[in-house]
Amino acid sequence: MKWPHVLGWAFTAALVVGVLEGCALDKKEQPKTPQDHVQLTVFAAASMTETMNQIAETYKKEHPNVDITCNYDSSGTLKTQIQNGADCDVFISAAQKQMNQLDASQDEKANPEKLDFIDTSTRVNVLENKVVLVTPKGNPKHISSFNDMADKLKAGTIRLAMGNRDVPVGQYTQKILTFYHLDENAIASAGHITYGSNVKEVTTQVKEGSADCGIIYATDAYSAQLSPIDRATKEMCGQVVYPAAVLKTSTHLKEAKEFLQYLQGDEAMRIFTSVGFSPIQ
């Protein structure tokens with residue numbers, strides 16, 4: 001037997017064992033990998049743009065593993081996007097109508113297409129907003145109230161900016177026009193109504209002076225630095241409630257539910273109320 005060869009093999013075997021043991025030790029001593037990042041997509045009514053941007057930043061500081069991307073538009077447009085397969089984890093509507101249309105627990109009148117997109121166990125009314133009447137700076141037509149607006153629309157002396165009929169703010173405006181027995185189609189045909197595809201467009205029309213007045217949310221008036229001259233009552237257009245729910249198609253159900261819970265907490269509500277939203281009464 002050639003002892004140098006035996007000693008060489010023995011040395012090599014010992015070296016391999018030592019390396020393997022060292023690797024095992026290093027593996028045990030390695031810190032745990034950080035929690036994987038989660039990307040949450042929130043579809044929110046356009047009137048929530050400023051507040052949700054701020055809340056997303058605040059939430060990120062407390063939950064560094066969660067990134068939130070927000071998609072803002074009219075609730076009707078967001079509902080259609082969800083129906084057409086857009087990736088969404090949490091939906092916040094500016095009215096019950098669009099949420100009902102995605103809720104399988106609703107009857108055929110509320111959900112005629114029998115869509116089943118939201119987790120009904122997570123559905124909650126998060127906020128209340130107010131519908132207000134605003135004018136361009138200086139109020140050139142001296143509109144003093146909703147009553148005055150109605151009289152001047154009947155006389156054909158002003159132009160009103162309002163949301164389309166598939167937009168919640170437009171639907172609230174239609175109720176106000178009905179309250180005053182105003183014929184929307186006739187007034188629009190006469191050129192005294194201009195439309196916006198969401199509340200931000202209506203707000204812009206008023207701020208730029210392309211309309212003499214507009215009906216928007218209190219929160220949008222605040223963001224645009226427009227001073228409301230009147231506030232609609234429940235009798236005029238009902239209560240403006242924002243429902244929210246987690247989507248069944250979400251691939252991050254746990255994180256989506258946690259974020260929805262956060263929206264109902266004190267920190268988020270502080271941000272909401274700072275611009276004119278209020279807790280559900």
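Relative contact order of the chain: 25 percent, from C-alpha pairs under 8 Å at least 6 residues apart in sequence.
Around the Cα centre of the range 87-188, unit charges on the Cβ atoms of Lys, Arg, Asp and Glu (plus for the first two, minus for the last two) sum to a dipole of about 740 debye. The share of accessible area on the chain that comes from carbon and sulfur is 53 percent, using a 1.4 angstrom probe.
For the residues Gly138, Gly214, Gly196, a GNM of the chain with alpha-carbon springs under 10 Å puts the largest fluctuation on Gly138.
Which of His181, Leu153, Thr135 sits closest to the plus end of the dipole of the range 130-196, meaning its Cα is farthest towards the positive end, when Lys and Arg get +1 and Asp and Glu get -1 on the C-beta? Looking along the dipole axis, the top candidate is Thr135.
Using 0.36 nm per residue and subtracting the Cα-Cα separation, the extra length available between Ala110 and His142 on full extension is 7.5 nm. Sorting the segments 124-131, 261-268 by their residues' average number of neighbouring beta-carbon atoms within 10 angstrom, most packed first, yields 124-131, 261-268. Taking the 0 to 90 degree range and rounding to the nearest ten, how far is the long axis of helix 3-29 tilted relative to the main principal axis of the chain, both from C-alpha atoms? Value to nearest ten degrees: 20. Full extension of the segment from Lys60 to Asp183, taken as 0.36 nm per residue of separation minus the current Cα-Cα distance, would add 39.5 nm.
Rolling a 1.4 Å probe across the protein heavy atoms gives the chain an accessible surface of 52 Å² per residue.
Only protein heavy atoms count here; under a 1.4 Å probe, Arg123 has an accessible surface of about 60 Å².
Among Glu184, Glu201, the order of accessible area from largest down is Glu201, Glu184, computed with a 1.4 Å probe on protein heavy atoms. If you restrict to DSSP beta bridges whose two residues both lie in the chain, what percentage is antiparallel, to the nearest 5? That works out to approximately 50 percent antiparallel.
Each principal axis of the range 124-212 carries a Cα extent, and these read 43, 28, 22 Å when sorted largest first.
Any chance you could tell me what percent of the C-alpha pair distances in the chain go past 31 Å? Distances greater than 31 Å cover 41 percent of the Cα pairs. When +1 charges are put on Lys and Arg Cβ atoms and -1 charges on Asp and Glu Cβ atoms, the dipole computed for the chain relative to its Cα centre reaches about 160 debye.
The range 120-169 has equivalent-ellipsoid semi-axes of 32, 13, 10 Å, by the square roots of 5 times the alpha carbon gyration tensor eigenvalues, sorted largest first. Here r is the Cβ-Cβ distance between Thr233 and His37 and R0 is 45 Å; the resulting FRET efficiency, rounded to 0.05, is 0.45.
The values are calculated or read from the model by the stated rules, or taken from the named source; none is laboratory data. Note that the coordinates shown come from a computational prediction; the quantities given were computed from them, not determined experimentally. Don't worry about glycine lacking a Cβ; one is built from the backbone with ideal geometry, like all the others, and counts go over all protein chains shown. For accessibility, only protein heavy atoms count, side chains too; no ligands or nucleic acids. Shrake-Rupley method; radii C 1.70, N 1.55, O 1.52, S 1.80 Å.
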